[in-house]
1. So, in the stretch 92-131, how many residues would count as being surrounded by 14 or more Cβ atoms within 10 Å (Cβ to Cβ) and in contact with a helix residue (DSSP H, G or I) (Cβ under 8 Å, 6 or more places away or on another chain)?
2. Do you know which of the residues in the stretch 1-18 that are open to solvent by 90 Å² or more (accessible area, probe 1.4 Å) and outside any strand (DSSP E or B) is nearest to THR74 (Cα to Cα)?
3. Considering only residues of the stretch 88-109 that are in contact with a His (Cβ under 8 Å, 6 or more places away or on another chain) and β-branched (Val, Ile, Thr), which is modelled with the highest pLDDT?
4. Return yes when ALA60 is of a type in the set (Gly, Ala, Ser), at pLDDT 95 or above and within 15 Å of GLU128 (Cα to Cα) and no when it is not.
5. Search the stretch 22-79 for residues being among the hydrophobic types (A, V, I, L, M, F, W, C) and open to solvent by 90 Å² or more (accessible area, probe 1.4 Å), and hand back the single one that is nearest to the chain's Cα centre (by Cα).
6. I need every pair where a residue in the stretch 93-119 that is free of Cβ contacts under 8 Å to residues at least 12 places away in the same chain has its Cβ under 8 Å from the Cβ of a residue that is among the aliphatic types (A, V, I, L, M) and open to solvent by less than 70 Å² (accessible area, probe 1.4 Å), sequence separation at least 6 or different chains.
7. Being of a type outside the set (Asp, Glu) and modelled with pLDDT of 95 or more is the requirement here; does THR74 meet it?
8. For TYR33, all conditions in the list (1) more than 23 Å from ILE130 (Cβ to Cβ); (2) hydroxyl-bearing (Ser, Thr, Tyr); (3) in contact with a helix residue (DSSP H, G or I) (Cβ under 9 Å, 6 or more places away or on another chain) hold save one; what is the number of the exception?
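The values are calculated or read from the model by the stated rules, or taken from the named source; none is laboratory data. The structure displayed is predicted, hence computed values, not measured ones. Using ideal geometry, Cβ is built from the backbone for each residue, glycine included, and neighbour counts are taken over all protein chains shown. The area values use the complete protein model at the heavy-atom level, side chains included, leaving out ligands, DNA and RNA. Shrake-Rupley method; radii C 1.70, N 1.55, O 1.52, S 1.80 Å.
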Amino acid sequence: MSQISFPYGKSVQTTDLPDDRLRGVLRSRMHAYHPAESEEALVAQALAQPVGTPRLRDMAVGKRKVVIIASDHTRPVPSKIIMPQMLAEIRAGNPDAEITILIATGCHRGTTRDELVGKFGEEIVAHERIYIHDCTDES
């Protein structure tokens, strides 16, 4: 009997499989990867040197409204690291832009305030305009 563990959500699931039912195990090396820079530095570098497009700060110049589409609570995106830097980059080009963060829920239920705080941090949730998409709202 072989015991197999795999990540599931924010936890790990473990199951026992009979050896005659197990052909092999593929293991990701993702957790052994260590980038040369911190996550914050990598995001800053990407925003400073985007590939194939102008910087966000340059695209924001002269715009009245800006919408940032963000994933919902079901996606493991490091939004606490990305969003503050994106907002700062946009505001560097246009401090007066009206910015809305649109949560793309698809057919998932709406994201709760606690989930928003977990995803973006209290500072962003308390001070930014956030709209949670609802695919069942016909308006």
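1. 17
2. Only one residue fits best here, namely LYS10.
3. ILE103
4. no
5. ILE69
6. Within 8 Å, the pairs are VAL117/VAL125.
7. Here the answer is no, as THR74 does not meet what is asked.
8. Looking at each condition in turn, TYR33 falls short on (3).
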